[in-house]
Amino acid sequence: MGSVQWITILLASLFFIQVIYYSTRNQLRDKQAFLWFSLSIIGLLIAFGLKPLNRFAAMLGIAYMPTLIFAIAFLVILNVLMYQSIILSHHEEKIKTLIQQMALMKHEWQHNERKGEKHERK
Amino acid sequence: MLVIIPAYNEEATIRNTVLNLQRTCPYDYIVVNDGSADRTGDILDEHGFHHLDLPVNLGIGGAMQTGYRYALEHGYDYAIQLDADGQHDPNDLETLVTEIMQSGYDMVIGSRFVEKTNYEGSLFRRLGILYFCYLLYLACGVKITDPTSGYRIVNRRVIREFARDYPIDYPEVEVIARLAKKGYKIKEVKVEMNARQGGRSSITPLKSLYYMTKVTFTSLIRAMF
């Protein structure tokens, strides 16, 4: 293994440890934790399998293998961002519904309270 | 019949708007205080005006949808949007009400351009409105002369639709595209609109650019899918 591969493995391992660390501290949860766990595993696999990747790139007619990795990584990151935006939109919608529900319930509660006060006065 | 008045930082106008409404029409109303940072909430409390308090600012769409949800939960057959800044003349309410009841349409929009009115908007604003007219005509096949007018009345079918889903910001044009796509019937009647009675418009030049682009994109999406 060359020094480039050692550095790649080191970086991929650090990323993997980072994901495990956040998952164990509950800062990454459920689907999000799984998503980043999967990506970190893919990172490790790429780091260990640079030779097969080189062959694969050559098969595709790509002379410089990192170009292939960057292209794939770019697409993966775009999709992850899209996924995060979808989740954000869902959360926005849920928060909006909760805020509206709160306002409607507060109004109902105040209305009933006023009715109760009137009833007591009678 | 429920009049929904979305209000965000309208301390200068909200009192007169509600008093005018109470003077001119017998319908129920609800002010939706959209997380105002000024004295709007205090004024509503002090005068005992019927209102809902959103704890944070949701934007005009979120506030309006709260009103529609209220209308749905309380069994109203019609809901009218009335701006809190005094631009909408409550004297025109009856025109909107009569039109929707007699015509059987799902939404009736109060328009400044369907007939000649005293409205004098800036050239830029008029061009923007004209652009949306053509956009709606080309995308949905509906002829609406004043698609940005917020002065509108809807029936219970549309109240149900809006209570379920309503755009958060700049909803006027997008909801027309959405309703047209779903086959709801929309028409316009002439109304007069006043200049803002106080407060400041939230639309800045930069926001106008975002507004035009965002509304074009969402309206096309709604019209196509």
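Read-outs: derived from the displayed coordinates by stated rules, not from any lab. All values derive from a computational prediction rather than experimental measurement. Cβ placement follows ideal geometry from the backbone for every residue including glycine, while neighbour counts extend to all protein chains displayed.
For the range B:2-224, a/c is less than 1.5, where a ≥ b ≥ c are the root eigenvalues of the C-alpha gyration tensor. That puts it in the rounded class.
Classify the protein assembly as shown from the C-alpha gyration tensor, please: rounded if a/c falls under 1.5, else prolate or oblate depending on whether a/b exceeds b/c. Judged from the Cα gyration tensor, the protein assembly as shown comes out prolate (a/c at least 1.5, a/b above b/c). Helix A:65-121 and the longest principal axis of the Cα set of chain A meet at an angle near 10°.
The range B:132-189 and the range B:1-77 have Cα centres separated by 21 Å. With a cut-off of 12 Å between beta carbons, the residues surrounding B:G75 carry a summed charge of -1, where Lys and Arg count +1 and Asp and Glu -1. Cross-link reach is defined here as a Cα-Cα straight distance under 27 Å, omitting same-chain residues fewer than 8 places apart; for B:K187 the lysines meeting it are B:K116, B:K143, B:K214.
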